[in-house]
Every structure is written in structure tokens, then in C-alpha cells.
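Each value in this text was obtained by applying a stated rule to the coordinates, not by laboratory testing. Predicted, not measured: the structure shown is a model, and the values here were computed from it. Glycine also receives a Cβ, built like all others from the backbone with ideal geometry; neighbour counts cover every protein chain displayed.
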Amino acid sequence: MTTPSTITRDLVVIGGSAGGLEALRTVVARLPADLPAAVLVVLHIPAEADSALARILDRDGPLPAAPAITGETLQAGRIYVAVPDHHLLVHDDRIRLSRAPRQNRVRPAIDALFRSAARWRGPRTLGVVLSGSLDDGAAGLAAIDAVGGQAVVQDPADAFVSSMPTAALAVVPTAIRCQTVDLGPTIAKLVAEQVHGWTPPPVDRTLVLETDMAEADQAVPDGPRLGRPAAVSCPDCTGGMNIVESANAVYYRCHTGHVWSSLTLIDAQREVIERSLWTAVSILEEQGTIHLALADRARGTAAGRTEAHQRAAAEEVNNAAQVIRKHFPEFISDRSPVDPPVAPDLSR
């Protein structure tokens, strides 16, 4: 029988995306200089970015902030910032950087950090979800909550983009929700308090396997299979996927290691649909142009029937293109197909 124990929270993990930079700067500005916990930060940034996030946070608050270095021992009162194109993970009392497959289309991913903190620090973890689109961080926050850690979420009504906080609250409804200005003091209060009578939950095999695969630095096609087969293909590699249910959250994992939360998967599928429809419209309209060119060449010659045939063919394919435009207005418009995501400006 497990004896209840007293623990303190000495690890804070924070994740954000669109609008998260502004919230994060407010958070670190209001953290105390003697915070008895290490702080790890993931903000979605492009893989090729030259991120200045650590420098920004270092000057915004009393705690020193620096890019994370693999193998570095975690120290209280310091902020460790994810670097581009690497997952930021916790392994026991050290930092681990990994180039394992992307999760939710990004690397670093918030879920990857949160799950690793849940596995290695359990109830000593405080997870914070800030402003952002879609739902990265929700499954990871659920994992932290399941092992007895504390969940904190920026109030969706106060977030620049409410989707991520809303998704996090959907799977962890007991999470503490805070206005942006209150997040720093709330984190400091929760880190300072002791949790009495805590009993460790059973070991979660899914959590262990997920964190092992996130540390692998590469895809593991022949690795362990989690969940059960789903009639869904991976938008990135078109491989088959399994649906995984863990810690009150549902997500999808493909055979090469890509991980998708539900909203992010739907968004990626919409992009695939949009690209496919744009390709179809473009090719149909190009065919119409070719048919008209052939008709013009046949004009005034003995091939009059050929000219009429080519013009009829042009009309047919152009009509088909217009049908797609008419019936799929949510995917086809006058704008460019699939505008690229806008990343936060971290170049300052």
C-alpha cells in the first residue's frame, strides 16, 4: 500500500502559440526572483527561425532566461526556452532536446514537453497553457493533471486567441483559469505551497511509451503501437493512424511517429482538401485554355467540326471548375491557396 506523502511543485512548464508571446512576457515579468522552481517554455516557432525569445524573456523579468541545452541540469529560479526545430523535454532532473517527429505539426510541441514533465516530475509539475490556436497542449495538460500535477490556463476570454485555452479547459475542467496579469502571482503561490497527503497514481504505460518515442530523435516505424486502428490517414505522410485515448484526452498517432490532436488534425485535413480542390480547379482551367487554343488553330480550316469540339470541351471543363468554386466556397476563394501560418515575431 502506498503511503501518502508531502510534495512541492518545483517544475513549471508553459506553452503558448498565437498571442502567447505577449502573455508570456507578462507572466515572467511578474514572477519573483526567488521562485523555487525551474521554468520551461515552449512557444510555437518556425523551424528555420533565429529565435530571440530567450533574450526577450531574460530582459522582461527577474529570472535569467536562456535557450535550453540538452543534458543541462534543471535549476530553480531559471527559465529554459525551447530552441527551433527541437522538442524540449524533461528526463529526470535534466533537459533533453529531441528531433523526433513533429507533434501537432510543430517541433517544439507543447504536448511533448508536458507529457515528459508528467512522467518524470509527476505531481511536482505545474503546467500552464497560454493563448494559441487549435489545441496543442490540451492532451499534455491532461497528462499532468492525471499524475497529480497542477493545471493552470489563461482565461480564454482574456487570451488573444482562445482556442488553446478553451481546448485545455475541455479536458481539464478543474484547471485554475487566470487573467493574464494574475498568472505570474498564481504560479508563484502554487509553487510555494506544499501538497499534503498525495498518493502516486499507477504507472501509465501510454505516457511512458509516448515520452520514450519523443526522446528517440527520429521516427521509429517498427516501434510500439499505441491505441487502436483508426480509419484516418496522416496528412503529413499519408500513413495509417491509431487513435489513442489517455488521461481524458484523445489524439492520433501515425506509424512514422507524427502525433495529432483532434482540432489540429481537422485543420491539416482542411488544408489537404483545399490544396486538392485548388489543384483540380487549376488543372481544369488550364485544360480549358488548351482546348480554346486548339479551337483557334482549327478556325477557318476544313476542321470546323474539330473547332466546335474543342470549344465544347473548353466549356465543359470550365463549367466543372465553376461547380467546384460554387459548391466549396469555404475552400475556394480569390485568395491564394492555404496561406502559411503566421508565427510570433521573435526577432527582436
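When SER133, SER17 are ordered from fewest to most other Cβ atoms inside 10 Å of their Cβ, what list results?
On the way: SER133 21, SER17 28.
Ranked by crowding around the Cβ, least crowded first: SER133, SER17.
Expressed in nm to one decimal, what extension gain is obtained for the pair VAL272 and ASP296 from 0.36 nm per residue of sequence separation less their Cα-Cα distance? Could the numbers behind the result be given before it?
Values: separation 24, 0.36 × 24 = 8.64 nm, distance 3.62 nm.
Length difference between fully extended and current span is 5.0 nm.
Compute the helix-to-body angle for 20-29: its Cα long axis versus the longest principal axis of the chain, expressed 0 to 90° and rounded to tens.
So the inclination is approximately 20 degrees.
Any chance you could check the Cα centroid distance between the range 166-206 and the range 228-267 for me, in angstrom?
26 Å
Scan the range 139-232 for GluC sites (Glu not before Pro) in coil per DSSP, keeping those whose Cβ has at most 12 other Cβ atoms within 10 Å, and list them by number.
Filter output for the range 139-232: GLU193.
Could you tell me what percent of the DSSP beta bridges with both partners in the chain are antiparallel, to the nearest 5?
Working: 23 of 48 bridges.
The antiparallel proportion sits near 50 percent.
Alpha carbon centre of the range 62-115 versus the range 306-331: separation in Å?
If you average the Cα positions of each part, the centres end up 51 Å apart.
Here are a few candidate values for Rg/Rh (Cα atoms, Kirkwood Rh): (1) 0.95; (2) 0.98; (3) 1.14. Which one was actually calculated from the structure I just gave you?
It is the one labelled (3).
Using a basic spin-label model with each label point 7 Å from the Cα along Cα→Cβ, how many nm lie between ASP92 and GLU215?
0.9 nm
Can you sort GLU285, GLU315 from fewest to most other Cβ atoms within 10 Å of each residue's own Cβ?
GLU315, GLU285
Relative to the longest principal axis of the C-alpha atoms of the chain, give the angle of the C-alpha long axis of helix 304-327, reported between 0 and 90° and rounded to the nearest 10°.
On a 0 to 90 degree scale, this one is about 20.
Using θ = phi - 60° and the Karplus curve 6.51 cos²θ - 1.76 cosθ + 1.60, what whole-Hz ³J(HN,Hα) does each residue of the range 121-128 get, with Gly and Pro shown as x?
Computed from phi, the couplings for the range 121-128 are 10, x, x, 7, 9, 10, x, 10 Hz.
How far, in degrees from 0 to 90, does helix 180-192 lean away from the longest principal axis of the Cα atoms of the chain, to the nearest 10?
The helix 180-192 is inclined about 40 degrees to the chain.
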